[in-house]
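What follows is a set of notes on a single structure, which appears directly below.
The values are calculated or read from the model by the stated rules, or taken from the named source; none is laboratory data. Predicted, not measured: the structure shown is a model, and the values here were computed from it. Cβ sites come from the backbone with ideal geometry, for glycine too, and all protein chains shown count toward neighbours. Ligands, DNA and RNA are excluded from the accessible area calculation, which covers all protein heavy atoms including side chains. Shrake-Rupley method; radii C 1.70, N 1.55, O 1.52, S 1.80 Å.
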Amino acid sequence: MHTQLFIDGAWADAADGATLTVFNPATAAPLARVAAGGAADMARAVAAAKRAFRDFRHTDGRRRATWLRGFAAGLERRREELLALQMQNSGKPRTEAEIDLGDAIASFNYYAGLAEQLDARQNAPVALPAADFSAVTRLEPAGVVALIVPWNFPLVTSAWKLAPALAAGCCVVLKPSEFTPLVELAYGAIAAEIGLPAGVLNIVPGGPEAGAALTTDPAVAKVSFTGSNAVGARVMQAAAANCTAVGLELGGKSPIVVFDDVDLDAATRWIMDGIFWNAGQMCSATSRLLVQRTIAAPLLERLAAATRALAVGDPADAATRMGPLSTAAQYRKVLDTFARAAAEGLACVAGGHALPAAGSGWFVAPTIYAEVPTTSPLWREEIFGPVLCTRGFDTEAEALALANDSDFGLAATVLSADPARAQRVAEALEAGHVWINSSQVVFVETSWGGPKRSGIGRELGPWGLSAYLEVKSITRCRQGSAA
Ligand code: NAD
């Protein structure tokens with residue numbers, strides 16, 4: 001387990017010796033002390049990345065692909081260590097930790113392929129309407145990029161940024177969340193192992209000040225940020241001073257629309273995965289259930305029974321289906337949500353309280369509130385915990401109006417046995433990613449990100465690579481050289 005900063009290919013303490021404590025959310029006990037980077041460390045990391053970029057920008061995609069596959073293999077080699085760290089530092093049950101690791105590995109392998117294809121896309125001819133001119137386009141790395149990530153999927157969120165950034169030929173300063181930096185520090189160990197040139201990847205854990213220092217450094221070409229809307233707005237404001245490009249992956253309040261032709265058991269499983277996976281700490285959590293009134297009573301009955309029976313407890317226990325919340329602050333926020341729901345007099349059909357019986361850590365009961373008014377903050381605001389709000393609807397048009405009545409647009413699910421209706425609804429939903437008859441299944445080949453206040457830009461797929469590339473056109477006058 002690494003606990004130091006990784007800058008310019010070497011492990012180091014913070015310049016001022018600062019450290020931060022990370023916790024085990026299942027016990028609320030300290031797990032490790034990690035070096036906490038500050039502005040001076042960030043400046044050193046950016047300078048190292050800038051130096052490394054001079055050569056790295058000229059490496060060809062085929063060479064970068066071998067490093068990317070090296071990251072995938074390095075993650076695989078550390079399987080047990082990374083599963084243990086995710087269980088201990090994030091509170092993820094083992095199955096979820098395994099899926100996160102698999103997603104990170106898939107990202108590096110996928111972008112290795114795209115890095116190789118990039119070579120053949122260079123100097124691509126452009127058809128022009130003028131015979132005297134010819135033109136080609138090149139796709140060049142953006143430069144030094146700052147990657148700032150949250151704590152809910154540390155391995156995956158970083159991989160979704162790091163893999164395409166390296167594939168493009170960018171050099172990176174990665175700032176993990178102050179709550180879960182341990183798994184990401186493994187990327188530094190892998191970089192050293194696979195011979196990635198010093199300075200191409202720098203990892204500096206730290207708090208908000210460390211992140212803020214990155215967003216104002218004039219040598220940073222782009223900030224790619226995943227996190228809350230409040231901080232996203234601050235990042236955009238800070239980046240504006242140098243007109244630095246930003247990519248933002250922010251919050252969500254995603255709907256799951258259930259029509260009355262579904263299989264009730266299958267629907268119950270998808271609804272539960274959509275809100276209780278990762279203890280609901282998902283930007284894409286389908287936290288607003290819209291159910292056709294004809295099946296509302298039997299569906300809610302099954303859902304409430306299955307929710308009360310959900311095994312909450314020690315992430316290392318094979319029987320556990322939901323772990324604790326990952327941070328003390330998030331625990332307090334969810335408890336505050338329960339208090340607000342009680343004050344509003346909402347109908348609680350499951351949970352609604354802390355769960356001290358599950359352990360000494362930050363455990364809450366998976367929770368469902370029925371017929372939540374659309375004006376309630378619980379219906380409109382991201383809770384980022386295992387709290388589902390439901391409402392009934394009669395018609396498809398009503399379901400769509402309710403689903404789209406949100407500031408956010410990250411994701412949505414539609415459950416229906418009618419393929420034509422499911423497709424029609426998917427097309428009408430204002431969301432960046434729509435699942436039909438499933439939830440939270442993300443392939444690296446598809447896109448990630450959404451409209452409205454869910455962010456700016458897209459990750460994953462070819463769009464994820466484009467986010468780290470600059471387009472250059474070279475236009476040549478054929479006659480000019482002969483003159
Ligand atoms: P957060 O916004 O508090 O922190 C995110 C990161 O920003 C952390 O590394 C933090 O240290 C850093 N930071 C804090 N202040 C900063 C500043 N002024 N300048 C630069 N960096 C700063 O978010 P969080 O609580 O860690 O994560 C939860 C949020 O992330 C939720 O809103 C969730 O929806 C969102 N999220 C979105 C996606 C997505 O893909 N859209 C994915 C995961 C999480």
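Listing for the model above:
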quantity: Zone residues, the range 356-382, relative to Ala230, backbone N less than 18 Å from point 7 Å out along Cα-to-Cβ; calculated: 377-382
quantity: Charge dipole of the chain about the Cα centre (unit charges at C-beta), most positive-ward option of Phe153, Ser473, Ser416; calculated: Ser473
quantity: Contour excess over end-to-end distance, with Cα ends at Ala120 and Arg77 and 0.36 nm allotted per residue; calculated: 12.3 nm
quantity: Ranked order, Thr395, Thr157 - accessible area, probe 1.4 Å, largest first; calculated: Thr395, Thr157
quantity: Per residue solvent-accessible surface (Å²) - the range 122-205, probe of 1.4 Å; calculated: 24 Å²
quantity: Gyration tensor verdict on the range 24-108 (Cα atoms; rounded if a/c is under 1.5, prolate if a/b is larger than b/c, oblate otherwise); calculated: oblate
quantity: Cα-centre dipole for the range 337-425 with unit charges at Cβ (Lys and Arg positive, Asp and Glu negative), debye to 20; calculated: 220 debye
quantity: Cα gyration tensor shape of the range 321-468, rounded if a/c is under 1.5, else prolate or oblate by comparing a/b with b/c; calculated: oblate
quantity: Per residue value of the accessible surface for the range 255-436 (all protein chains in place, 1.4 Å probe), Å²; calculated: 37 Å²
quantity: Distribution of pairwise C-alpha distances over the range 294-367, 5 Å bins, in %; calculated: 3, 16, 22, 22, 19, 11, 5, 2, 0
quantity: Net charge, Pro377 excluded, C-beta distance under 11 Å - Lys, Arg +1, Asp, Glu -1; calculated: -1
quantity: Additional length obtainable on full extension of the chain from Arg478 to Ala29, 0.36 nm per residue less Cα span; calculated: 154.6 nm
quantity: Overall form of the chain per C-alpha gyration tensor (a/c, 1.5; a/b vs b/c); calculated: oblate
quantity: Per residue accessible area in Å² of the range 1-118, where ligands, DNA and RNA are left out and the probe is 1.4 Å; calculated: 42 Å²
quantity: Along principal axes, Cα extents of the range 54-176, largest first, whole Å; calculated: 65, 27, 23
quantity: The chain - mean residue ellipticity at 222 nm from DSSP helices (-39,500 (n - 2.57) per run, n ≥ 4, rounded to 500); calculated: -13500 deg cm²/dmol
quantity: Sulfur and carbon atoms: percent of accessible area, the chain [1.4 Å]; calculated: 56 percent
quantity: The range 156-260 - charge dipole about Cα centre, Lys and Arg +1 at Cβ, Asp and Glu -1, debye rounded to 20; calculated: 200 debye
quantity: Accessible surface of Thr320 - all protein chains present, 1.4 Å probe, nearest 10 Å²; calculated: 10 Å²
quantity: Pairs of Lys in the chain closer than 14 Å at Cα, counting only those 8 or more apart or on different chains; calculated: 5
quantity: Cβ-placed point charges (K, R +1; D, E -1), dipole of the chain about Cα centre in debye, nearest 20; calculated: 1120 debye
quantity: Accessible-area order (highest first, 1.4 angstrom probe) of the listed residues Lys92, Lys452; calculated: Lys452, Lys92
